[in-house]
Amino acid sequence: MESNDFPRFRDFLRTKLPSWKNLTDSDIEFFLFSSITNKVYKVTSKTEGVSPQVVILRNFCGKEGIVDKDKEIKVFNEMSKTGFGPKCYAQEGDIRLEEFIPSRTIHPHEYKEKTVRRKLARTLAAIHCLEVPEVERIGLFESILKDPRYFRMYDEKCEEDIYSPEEKKVIETLKKATSKEEQNFIDSILPKDDIVFSHNDLLQGNILISQEKEDTIFIDYEYASYNFRGYDIGNMFKEATFDYGVSQPPYFQVKDENFPNDEELRDFLRYYLVFVKMSLTEITEKGDEMIENEELVQEYLEKYFQPEALKERIEALVRETMIGVMLSYYYWLVWGVKMHKTVDIPFDYLEFSRLKYERYLGLKKKLFDQ
């Protein structure tokens, strides 16, 4: 179906991509990807001989106050410069043209496959090694807790007169999520020393498997910032359990069996701890060999850690990861309420938030007996 936005998208493409200047409307083909944040299109020129032939057009949807757009642009440009993200061809207002990387999104079951899981450890470690001076070095949740606007926006959204009677019942429960008591609890348990540059939004749609080398590639750095490292790990594996490719309400499905078991999580962490100690050059040059050679990884672990220290570090990171899972539930439940009835994407943001809050409380009970 022709979107009302397509005419301005075509004009933008013809203006910003010199080789597309003379393409007719019928020469330009749009394919809409599944997404719960932005409208993301694969745009193809059906005329041969233009370069690039295929691009990604990202249309940012009404999230004023939810995403810091200036920071997002800085992070995107940094990721492009370092090779950890696609190139930017042009950006203006709510549209960005990005490099198309021949690839596919990761499948939920692949998180449990040894080779893919270790490649994820390598890619995540590489990003966590980055220094991004354009972004303030303060943990995401520390920043949130110091920003009264974050919770005020949530509380104001809960008070809006836009909800059905059934939705109002859900909202009454969700109001409790941002109480001062809950904020103080989060502040008291927040890991504040293990701060690294983080993606913060590693859901399946943002993890690509390249066609050429079957490497893992992370995209969409809208929510990137500094954060405690366990958040990225926990959020990534938690998102493996959420399937957003569902065509019927609530437009998502939970599959808990996709979360790694204890052995799989510890295998991931062993590889992650090796890669995060290496330089980006070493990761690039030795990464493939190490993914296949467990003995080599063990040699590096013994080089970097004493046996007892390694055991303690892994167990500490397991717990930090589970705190990351818990706070991921919290972060995205707040996000879901803010997004509800804000964008025209077919997705039940309120049910999404309700389920996230339920799981946040369950994990809070398990980890902290509260």
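The values are calculated or read from the model by the stated rules, or taken from the named source; none is laboratory data. Every value quoted in this text rests on a predicted model; they were computed, and no experiment measured them. Cβ coordinates were reconstructed from backbone atoms using ideal geometry, including for glycine residues, and neighbour counts include every protein chain displayed.
So here's what we get for this one:
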quantity	calculated
Among the candidates Pro191, Pro133, residue that is free of Cβ contacts under 8 Å to residues at least 60 places away in the same chain and in a loop (DSSP other than H, G, I, E, B)	Pro133
Residue list for region 193-235, restricted to those being hydrophobic (A, V, I, L, M, F, W, C) and within 25 Å of Pro133 (Cβ to Cβ)	Ile195, Val196, Phe197, Leu202, Ile217, Phe218, Ile219, Ala224, Phe228, Ile233
Among residues of region 16-37, those that are polar (S, T, N, Q) and touching a residue at least 40 places away in the same chain (Cβ under 8 Å), counted	3
Cβ pairs under 6 Å, 6+ apart, first in region 241-253 and over 14 Å from Ser34 (Cα atoms) and in the same structural domain as Leu203 (by TED's automatic domain parsing), second exposed (fewer than 13 other Cβ atoms within 10 Å of the Cβ) and of a type in the set (Lys, Arg)	Thr241/Lys255
Condition met for Lys255 (touching an Asp or Glu at 6+ places or on another chain (Cβ under 9 Å) and within 20 Å of Leu327 (Cα to Cα))	yes
Candidate set: region 79-130, residues that are of a type in the set (Val, Ile, Thr) and part of a loop (DSSP other than H, G, I, E, B); chosen: the one nearest to the chain's Cα centre (by Cα)	Ile106
Those residues of region 340-370 which are in a helix (DSSP H, G or I) and free of Cβ contacts under 8 Å to residues at least 12 places away in the same chain, in sequence order	Glu358, Leu361, Gly362, Lys365, Lys366
Filter result (among the basic types (Lys, Arg) and within 16 Å of Lys157 (Cα to Cα)) within region 328-361	Lys338, Lys341, Arg354
Residue match in region 182-205 (condition: within 14 Å of Ile106 (Cα to Cα) and touching a Lys or Arg at 6+ places or on another chain (Cβ under 6 Å))	no
Checking Gln211 against (1) surrounded by 16 or more Cβ atoms within 10 Å (Cβ to Cβ); (2) under 26 Å from Lys286 (Cβ atoms), the condition it does not meet	(1)
Residue that is without any contact (Cβ under 8 Å) to a residue 24 or more places away in the chain and of a type outside the set (Ser, Thr, Tyr), where the choices are Glu166, Glu222, Glu212	Glu166
